[in-house]
Every structure is written in C-alpha cells, then in structure tokens.
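> Questions regarding the structure given below will be posed in turn.
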Amino acid sequence: MMPCCFCFAPGRKKNLTNKSDNKSKLDKSDKMIPKLDKSSSSSSSERALETVRDAAEYRCRIFSFQELATATKNFRDTSMIGRGGFGPVYQGRLDTGEKVAVKMLDNSGPQGDKEFLVEVLMLSYLHHENLVHLFGYCAEGDQRLLVYEYMPLGSVEDHIHDLKDDQEGLDWITRIKIARGAAKGLAYLHNEAENPVIYRDLKASNILLDDEYNAKLSDFGLAKFGPSKDMSHVSTRVMGTHGYCAPEYAYSGKLTAKSDIYSFGVVLLELISGRKALMDSCDCTDTSSRYLVHWARTLSRANHMDQIVDPKLSRKGGFSKKLMERTLQMALKCLHEDANARPVITEVVTSLDYIIEYSLRGRIHRRGGRVDTNRAGTSTEMDVIEEESDILERKRVLEEALSWADKCRRGSQPTATPSPNLKS
Ligand SMILES: Nc1ncnc2c1ncn2[C@@H]1O[C@H](COP(=O)(O)OP(=O)(O)OP(=O)(O)O)[C@@H](O)[C@H]1O
Ligand SMILES: [Mg+2]
C-alpha cells in the first residue's frame with residue numbers, strides 16, 4: 001500500500017534547490033516593520049501567546065525585532081540560508097557573538113501561528129544533544145521569529161540529494177552516525193522526555209548537522225504529546241510530508257510513536273540509497289514507484305538489495321556488505337505495514353550502535369603493527385574483520401555457557417540460563 005497523506009500543513013514544502021527564486025519572493029517592506037494589526041491579533045491568539053510567554057519564561061529569551069534585524073544585517077538576501085513552509089531562514093550573529101539561525105514566519109494565518117507557539121513551547125522544555133537548541137523568539141505585533149543555534153552544515157537533505165558538482169557525498173560511517181543521532185533524538189522524545197512526544201515531521205530536511213556532522217532534530221511545530229497511559233493513540237488531523245507518512249496514520253489519523261518509526265525508516269532508506277523519499281519522476285517507470293519505500297521493497301523482494309545502495313558509497317571508501325544488509329533490514333522493519341511489527345526506537349539505536357562499532361573496526365588497518373584509522377577499508381577487508389568479531393563474540397558466549405555448566409556440575413545453583421541458541 002502506498003503511503004500518502006490526506007492533507008498536509010498548508011504551504012509546508014520548501015525548495016532549497018532554487019534559493020535565488022525564494023529570495024525574490026521576499027517583500028522587504030513587509031518584513032522590516034512589525035505590523036500592529038489589531039484586527040488580526042484576535043483575543044484567543046493573544047491569550048495563547050501570553051500563556052506561551054509565561055510557560056517559556058526563564059527557559060528562552062524574548063528578542064526584539066530590532067535585535068534580530070541587527071543580527072541578520074537587516075534580513076538581507078545574502079544572510080538567507082534556506083526557506084521552508086514556515087518562511088525564510090537567515091544566518092545571524094547575536095550581540096553576545098553567538099551564531100544563530102533566524103526563522104521568520106511569513107504566513108501569519110492561524111495555522112502558522114499555532115505552529116510557532118508549539119515550537120516555542122516544545123523547545124523550551126525539551127533539551128537533548130540531538131535536538132536543535134532554541135535560543136528564543138520574537139513576537140512583536142504580527143511578526144513571529146524563532147532564533148535557533150546555527151547548524152553550519154545545514155540539513156541532511158543538502159548532503160544526499162541534488163549534490164553540486166564539487167560535493168562528493170557522505171561516506172558510510174557518516175551516514176550511519178547521522179541515522180543514530182536522529183534515532184537518539186527520537187528515543188529522547190518517545191521515552192525520556194517528561195511527557196512522551198510524537199515528533200510527526202521526521203524527514204531529511206529536518207535533521208540538521210553541526211560542523212562534525214552530529215545530527216539534531218529541528219521543527220517541532222507539528223509535534224504532539226503522546227497518548228496518555230489508557231489510550232493507544234492520539235487522534236489528529238493528518239499532517240506531515242509526502243513520502244514520509246506512515247500508511248495507518250494517513251488513512252485513519254491515528255498517531256502513535258510507530259508513525260515516527262516509519263518516517264525514520266524512510267530517512268534511513270534515503271541515507272542508504274541517496275534517493276529522495278518521493279523520487280524524481282525520471283528515475284521511475286510509473287507513479288507508484290516514485291515512492292522510495294515502494295521502490296526499495298520491490299527490489300528487496302526480488303533479491304536485488306545491492307541495487308538499492310547508493311553507488312557513490314563505493315567511491316567513498318566502501319562498506320561491509322553484511323552490515324549494509326543489516327541496516328537495510330532494519331530500515332525495512334521500520335517500514336513494516338503493520339505498525340506493531342515495527343521496532344521501538346531503543347531497538348533501532350542499539351542496532352545502529354552495533355553497526356557503527358563494527359563499521360569503525362573495519363576502518364582500522366593493521367600494517368606491520370601500525371594502526372591507520374584514516375584509511376577506509378574495502379568491503380572485503382571489513383567483512384573479514386566483522387567475521388573475526390563474530391568469532392570472538394561466539395567464543396565469549398560459549399565460555400559463559402561452559403562456566404554455567406561447570407557450576408551446575410559442581411552442584412552450585414545457577415543464577416542464569418545459558419543463551420537459548422546454545423541449548424541444542
Ligand atoms: N538552525 C539552523 N541552522 C542552519 N540552517 C538551518 C537551520 N534551520 C534551518 N536551516 C536551513 O533552512 C532550511 C529550511 O528550513 P525549514 O525548517 O524552514 O524548512 P524545511 O524543513 O526544509 O521544510 P518544512 O517547512 O517543510 O519543514 C533548512 O533546510 C536548512 O538548510
Ligand atoms: Mg525544517
């Protein structure tokens with residue numbers, strides 16, 4: 001069944017590929033002067049803003065429009081670094097010297113305002129190394145601006161799709177580390193935050209990268225608090241981005257943490273294949289195969305897993321075939337049609353930890369006793385190292401079982417049973 005959303009947040013699709021077009025859409029006279037339009041500032045949105053101001057007090061800074069105009073050099077075109085459904089994003093520097101990204105809401109309708117308030121509330125309370133940090137906001141008149149930590153390497157989308165001629169693309173380890181960072185951010189939202197949060201908008205453009213390619217989730221305007229203990233799901237108007245939306249959520253509007261797992265699976269597939277969640281039509285023969293999930297499932301069922309893998313990866317230092325297959329299996333598990341069959345996020349993190357550990361071992365070459373951690377290994381070298389690790393792991397499990405049997409023989413009470421796969 002194809003994933004498809006019934007409706008999407010209005011205007012929530014940006015186009016980064018043509019930044020100059022986007023820039024020209026900006027009406028400078030509009031953005032420079034905070035509008036104080038009494039008719040549009042209805043009492044309910046005023047009240048909501050006040051509630052948010054109280055709730056976010058001491059947690060994030062309230063900026064004046066003038067401060068942000070100064071920080072971004074008057075929102076000049078050369079400061080613009082992107083544009084999304086919310087509006088343009090500018091790079092700036094605060095009076096404290098900190099580099100920031102300033103997002104300016106350009107559709108000041110009720111929906112945009114709601115997303116703005118949810119974003120401020122969520123990010124005032126949620127703090128984790130894999131979530132982007134919100135410095136503060138500005139709500140003067142009709143102006144709504146959000147001030148984030150600046151993420152110098154932009155979004156994951158900028159590194160895997162529509163690469164420029166001078167861009168080489170990411171290597172395997174970097175891709176898989178990015179996936180783990182995003183998964184850890186999700187794990188915090190699903191399990192560690194005081195109230196569980198369903199993110200709802202996981203996609204490549206919402207995963208931002210710092211200067212060491214550490215991943216941080218951004219954009220919480222669509223996030224929802226998870227179901228309370230006696231409820232299995234949150235019912236909600238269906239929103240999200242085409243190509244990332246879980247099928248059960250698209251058809252029924254029932255939102256669970258497993259909807260996020262599905263979107264995570266799509267991102268993982270993008271990282272593996274270098275293809276977009278909704279592929280360019282020239283890549284495919286019919287409309288349904290434009291969906292990355294459909295395309296990858298078809299190849300996987302036909303046993304052509306190798307065709308799913310981004311060819312650029314072989315040029316970027318190689319990867320272990322076994323680990324790649326394991327990663328692909330994990331992505332497909334996250335994309336299971338039956339939401340209950342998808343893994344929980346902690347399982348995903350553990351699996352990615354394992355894949356990273358063994359991929360890193362594959363990068364270590366012992367040449368005459370010298371360890372070279374810079375040179376990436378070829379697939380064959382990595383597979384040999386992985387097999388050696390498997391042998392060591394089996395040896396360890398066997399030793400544990402032998403010591404358990406030894407204890408039994410000597411009549412001492414065992415405290416644990418041996419690993420089930422050693423029983424026969
Ligand atoms: N904190 C940040 N630091 C650096 N660049 C950023 C930051 N936030 C956003 N950007 C840049 O601005 C672009 C647009 O971001 P934005 O979140 O507004 O839209 P989007 O995620 O691409 O689309 P959508 O509105 O559908 O979520 C991003 O792709 C990224 O390149
Ligand atoms: Mg975004």
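Every number in this text was worked out from the coordinates using simple rules, so none of it is lab data. Worth saying up front: this structure is predicted, and the values here are computed from it rather than measured. Using ideal geometry, Cβ is built from the backbone for each residue, glycine included, and neighbour counts are taken over all protein chains shown.
> Sort SER218, SER289, SER351, SER64 so the one with the fewest other Cβ atoms within 10 Å of its own Cβ comes first. Before the final figure, lay out the partial values.
Working: SER218 25, SER289 15, SER351 18, SER64 12.
Ranked by crowding around the Cβ, least crowded first: SER64, SER289, SER351, SER218.
> What is the distance in Å between the Cα centres of the stretch 72-108 and the stretch 289-342?
36 Å
> Follow-up. Once you list every other residue whose beta carbon is under 15 Å from the beta carbon of ALA339, what net charge do they have if Lys and Arg are +1 and Asp and Glu are -1?
Working: positive: ARG200, LYS254, LYS258, LYS333, ARG342; negative: GLU248, ASP260, GLU337, ASP338, GLU347.
Within the 15 Å Cβ shell, the charges total 0.
> Once a ≥ b ≥ c are taken as the square roots of the eigenvalues of the Cα gyration tensor of the stretch 107-199, is the result rounded (a/c under 1.5), prolate (a/b larger than b/c) or oblate (a/b not larger than b/c)?
The shape class here is oblate.
> Suppose each label sits 7 Å from its Cα in the direction of the beta carbon; what would the THR350-LYS322 distance come out to in nanometres?
Once both label points are built, they end up 2.0 nm from each other.
> Roughly how many nanometres apart are two label points built 7 Å out from the Cα toward the Cβ at LEU163 and ASP95?
4.4 nm
> Sticking with this one: Need the full-extension length gain, VAL118 to ASN303, defined as separation in residues times 0.36 nm minus the C-alpha distance. One decimal, nm.
Details: separation 185, 0.36 × 185 = 66.60 nm, distance 4.40 nm.
Value of the extension gain: 62.2 nm.
> If you add up the charges near LEU328, with Lys and Arg at +1 and Asp and Glu at -1, over every other residue whose beta carbon is less than 14 angstrom from its beta carbon, what do you get?
Computed value for this residue: +4.
> Between GLN329 and GLU212, what is the label-to-label distance in nm when each label sits 7 Å out along the Cα-to-Cβ direction?
Going from the GLN329 label point to the GLU212 one covers 3.2 nm.
> Sticking with this structure for a sec: Mind listing the phi-derived Karplus ³J(HN,Hα) values for the stretch 247-264, rounded to whole Hz, using 6.51, -1.76 and 1.60 with θ = phi - 60°, and x for any glycine or proline?
The phi angles translate into x, 5, 6, 4, 8, 10, x, 7, 9, 10, 4, 5, 5, 5, 4, 4, 4, 4 Hz.
> In this model, which of LYS103/LYS312; LYS99/LYS321; LYS216/LYS254; LYS258/LYS312; LYS114/LYS312; LYS184/LYS312 are farther than 29 Å apart at the alpha-carbon?
Distance filter (> 29 Å) returns LYS103/LYS312; LYS99/LYS321; LYS258/LYS312; LYS114/LYS312.
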